[in-house]
Amino acid sequence: MGDAARYPGSCVRAEVCVSLLDRLQEIHAADWKEVSMPAWAASLVFLLVVAWFSHTGQRWVWFLDGANLLFHEAGHPLFGLLWSPLMVYGGTLMQLILPAVVCGSFWARREAASFAVACMWLSQNFWNIAHYMADARAQVLPLVGGGEHDWATVFSNWGVLQLDTGIAGFTRLIGWAGMLAAAGWLTWRWRTDRGLAR
């Protein structure tokens with residue numbers, strides 16, 4: 001008896017994986033939609049505005065962080081249902097997963113400008129998370145419902161509470177790297193499209 005007959009489930013899973021890989025290769029090979037001058041300029045303005053609000057005043061991006069907070073709070077019970085120790089991580093995980101899903105959606109549709117802006121949103125969440133991390137010992141930020149501080153709990157569990165600001169600084173750098181990479185890639189796409197148009 002062959003392996004396929006003895007393990008039909010594994011055969012089906014293998015076929016699904018091959019089909020998925022084929023689909024991803026097909027998407028990757030497809031051309032990106034052209035980036036117009038207004039879309040390129042608007043994306044860079046978006047980056048500058050988000051960077052400004054993320055690093056001044058209360059470090060609150062009013063048109064993004066309300067949604068980020070909603071996703072964060074929803075993540076706690078959702079991940080807690082999967083496994084209770086994940087509850088404390090669920091907020092941060094949800095803040096990263098949802099923008100990543102949006103990035104993937106625009107990547108699949110080959111919408112370059114929208115993909116870059118979604119990547120900027122994902123990167124902005126690293127700034128938001130870093131701001132929360134840096135507050136682990138000070139705990140001056142207002143918390144929804146006055147509950148426990150996620151990162152004070154996490155860092156205490158890891159034994160690195162005294163490194164909260166250092167870890168936050170590194171996380172903020174990840175956000176900057178993502179922002180600049182998205183802007184650089186979009187600028188390259190725009191310049192490439194202009195060259196092809198000629």
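Taken together, the values in this text are just the output of simple stated rules run on the coordinates, not laboratory data. Source: prediction; values computed, not measured. Cβ coordinates were reconstructed from backbone atoms using ideal geometry, including for glycine residues, and neighbour counts include every protein chain displayed.
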>> Just to be sure I understand the rule: take each whole DSSP H helix in the chain, project its Cα atoms onto its long axis, keep it if the span is 20 Å or more and its mean Kyte-Doolittle hydropathy is at least -1.0. Which ones pass?
In response: 8-29, 37-54, 65-82, 87-109, 112-133, 164-197
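Going by C-beta contacts inside 10 Å, put Ile174, Ile167 in order with the fewest on the left.
Working: Ile174 14, Ile167 19.
So the ranking, lowest neighbour count to highest, is Ile174, Ile167.
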> R0 = 35 Å: FRET efficiency of Leu48 with Ser156, Cβ-based, nearest 0.05?
Replying inline: 0.45
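How do Ser114, Ser43 rank when sorted from fewest to most other Cβ atoms within 10 Å of their own Cβ?
Values: Ser114 18, Ser43 23.
Ordered by Cβ neighbours within 10 Å, fewest first: Ser114, Ser43.
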>> At 7 Å along Cα-to-Cβ for each site, give me the label-to-label distance between Ser19 and Leu180 in nm.
In response: 4.3 nm
>> Running a GNM on the chain with Cα contacts under 10 Å, which residue among Ala152, Ala116, Ala14 ends up with the highest mean-square fluctuation?
In response: Ala14
>> Can you compute the label reach from Ile27? Point 7 Å from Cα along the Cβ direction, backbone N cut-off under 12 Å, restricted to segment 104-139.
In response: 104-111
> Size of the chain along its principal axes in angstrom, Cα-based, largest extent first?
Replying inline: 61, 56, 26
>> Within a 10 angstrom radius of the beta carbon, how do Met87, Met37, Met120, Met179 rank from fewest other beta carbons to most?
In response: Met37, Met87, Met179, Met120
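Placing +1 at every Lys and Arg Cβ and -1 at every Asp and Glu Cβ, with all other atoms neutral, what dipole size does the chain have around its Cα centre, in debye to the nearest 20? Don't skip to the answer; put the middle values down first.
Details: 13 positive and 14 negative charges, 107 e Å.
The calculation lands at about 520 debye.
Please give the net charge around Trp158, taking every other residue with its beta carbon less than 14 angstrom from that of Trp158, where Lys and Arg add +1 and Asp and Glu add -1. Mind showing how you got there, number by number?
Details: positive: Arg137; negative: Asp150, Asp164.
Around Trp158, the charge tally is -1.
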